[in-house]
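Okay, structure first, notes after.
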């Protein structure tokens, strides 16, 4: 992707179902769970490189023995830093106490992080919040084992203010208004409530406080806690948690916006944000890994019982299509094919843009995430060329010679790696002019492969802000002297902000929105902007279920191609000699390519939860009022 997008986040959960001695005997180490967690987190580093955290719970420890450990990092290489700290602690203990070497019981008792329940998290910091306090997992501590709560998630809530107010009404005093804090405290409140009720039941049954503790753990209804806590959650989430005595859970939002997959056998229960992570780390077949159903939770009780419980009534499935276009690794078999299909489906529009002239066209891509859609586009182009050859042969079969046939068959689709990502830009310079100069050098080009008579078709997986295209890629491509540059987006026009975990919060940052504004000005329709603002403002105090997305009116007067043409004009500059065209995927073809991930609100404005309409209207009002503020 030419415009860097940040995305929250990746989760990994491992629950060992056998005693640690089993893993020592079978795999040679009681640190089996720690090793698997390292691999699970490392193979999801694409989902977050600003912070990483790890937590573990040891089962059945005696009072006074540490049973919860946590380590977090926001260093430059956070996953490596987390596990370097873990390894250092483990090695210190093993060197200082040689007697631990083959004694699993002593290892568990004395070495931190050696347990049966593990939770890991990788994250991107959004809105400038990347201090260590913002790194998951979050820990809610208590001397009662069952009241300890560890939470980490891939999520964003649209109604943080409402959730915060709920906590205040419950008598709490949250330390900050952040969705992670409010979610954890909401779960924690109902966990406390459940534990108190169970304790009173045990007391009435004549059990002592110490006798009551294991009974509370057995009877704790995690599903009921999650139902009560999540009642008012509006957002996309895959939320994972550990409870001090050993219960674990992962729950998914009712629309299935954020992904979560799990695998279970007689040794482990595993949850991750991406399927191939589990396939690779545990060497299991694709069809043995299941997706957590929207609105459901996978709960692993302390005794190893695994439950699949419905927590919220499912909404229409709106799994995030950006997971398939960009965020998830393409090593997933389905995602790989879907990305190829995105490239194939957009080829007809590409052919129209080059006047069907594949002989004088070079096909390329923006490294590295657009590579798979590039393969699909080129395969489709090859099919087009083969059909052209077949038609010619059939039409001229009586006059073809060996030489003319050989000449015809030698014609191929021309592909080159034209764009080369030179460096990761660090925007440590604040002045716009200096930053623009840096952006211009993010990419370099391969010289000598384009002729002045050539079209240059270059595919990107999506176009968000257009900054890198304008400042770097198009200028670089123009240095090759093609007659025409065709920028192809395998995704549709991004027209609306995301509020479920992708760092696309501001309308004015989206090049499609800016293009629509320019068209409104040119055609004397800018009064629509004022009308949309008035309608948004009138809904400011409505409950979310009554709010309508009026921002769609900004785009209503124009056909998608008109917006695309304006984007091409805006991203060009006077010194560009080549003709520049920009082509976007249609929403209809996106759904054909990615039939299981129909979430398309950033393209269509069709938000899957009521809070989305409030957020897009708030984002528009912020734009109109000149406020550089978060819309949720």
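Points worth noting:
- Cβ pairs under 8 Å, 6+ apart, first in region 139-159 and in the same structural domain as residue 299 (by TED's automatic domain parsing), second surrounded by fewer than 19 Cβ atoms within 10 Å (Cβ to Cβ) and in a loop (DSSP other than H, G, I, E, B): 148/141; 148/142; 159/232
- Screening residue 505 with (1) modelled with pLDDT of 95 or more; (2) under 25 Å from residue 621 (Cβ atoms); (3) surrounded by fewer than 24 Cβ atoms within 10 Å (Cβ to Cβ) gives one miss only, at (1).
- For the residues 250, 195, 277, 269, the requirement of being within 24 Å of residue 66 (Cβ to Cβ) and in contact (Cβ under 8 Å) with a residue 60 or more places away in the chain singles out 269.
- Selection within region 1-21 - at pLDDT 95 or above and either out of contact with any helix residue (DSSP H, G or I) (no Cβ under 9 Å at 6 or more places or on another chain) or under 19 Å from residue 68 (Cβ atoms) (or both): 11, 12, 13, 14, 15, 16, 17, 20
- The helices (runs of 4 or more DSSP H) falling completely within region 537-608 that include 1 or more residues that are without any contact (Cβ under 8 Å) to a residue 60 or more places away in the chain map to 560-571, 587-593.
- Residues that are assigned to a loop (DSSP other than H, G, I, E, B) and surrounded by 15 or more Cβ atoms within 10 Å (Cβ to Cβ), drawn from region 360-399: 360, 366, 367, 369, 370
- When 349, 319 are screened for being surrounded by 14 or more Cβ atoms within 10 Å (Cβ to Cβ), out of contact with any helix residue (DSSP H, G or I) (no Cβ under 8 Å at 6 or more places or on another chain), more than 25 Å from residue 477 (Cα to Cα) and touching a residue at least 12 places away in the same chain (Cβ under 8 Å), only 319 passes.
- Filter result for residue 313 (without any contact (Cβ under 8 Å) to a residue 60 or more places away in the chain, in a helix (DSSP H, G or I) and over 24 Å from residue 272 (Cβ atoms)): no
- Hits in region 169-186 (condition: modelled with pLDDT under 75 and in a helix (DSSP H, G or I)): 179
- Scanning region 389-416 for residues that are out of contact with any strand residue (DSSP E or B) (no Cβ under 6 Å at 6 or more places or on another chain) and in contact (Cβ under 8 Å) with a residue 12 or more places away in the chain gives 389, 392, 393, 405, 408, 409, 411, 412, 413.
- Among the residues of this structure, residue 236 counts as one that is under 24 Å from residue 601 (Cβ atoms), buried (at least 24 other Cβ atoms within 10 Å of the Cβ) and assigned by TED's automatic domain parsing to the domain that holds residue 17.
- Residue within region 431-453 that is touching a strand residue (DSSP E or B) at 6+ places or on another chain (Cβ under 7 Å), over 19 Å from residue 577 (Cα atoms) and modelled with pLDDT of 70 or more present: no
- Residue among 547, 529, 486, 511 that alone is out of contact with any strand residue (DSSP E or B) (no Cβ under 8 Å at 6 or more places or on another chain) and under 13 Å from residue 571 (Cβ atoms): 511
- In a residue-by-residue description of region 56-73, the property of being touching a residue at least 40 places away in the same chain (Cβ under 8 Å), closer than 24 Å to residue 154 by Cα and under 19 Å from the mean Cα position of the chain (by Cα) applies to no position.
- Boolean, residue 54 is surrounded by fewer than 22 Cβ atoms within 10 Å (Cβ to Cβ), modelled with pLDDT of 95 or more and in the same structural domain as residue 131 (by TED's automatic domain parsing): no
- Extreme residue, surrounded by the most Cβ atoms within 10 Å (Cβ to Cβ), among residues of region 93-130 that are modelled with pLDDT under 90 and within 27 Å of residue 277 (Cα to Cα): 123
- Matching residues, region 609-632, being surrounded by 17 or more Cβ atoms within 10 Å (Cβ to Cβ) and either in a loop (DSSP other than H, G, I, E, B) or free of Cβ contacts under 8 Å to residues at least 12 places away in the same chain (or both): 609, 631, 632
- For region 269-288, the set of residues classified as surrounded by 20 or more Cβ atoms within 10 Å (Cβ to Cβ) and closer than 18 Å to residue 118 by Cβ consists of 269, 270, 271, 272, 273, 274, 277, 278, 281, listed by residue number.
The values are calculated or read from the model by the stated rules, or taken from the named source; none is laboratory data. The structure displayed is predicted, hence computed values, not measured ones. Every residue, glycine as well, gets a Cβ built from its backbone with ideal geometry; the counts of neighbours run over all protein chains shown.
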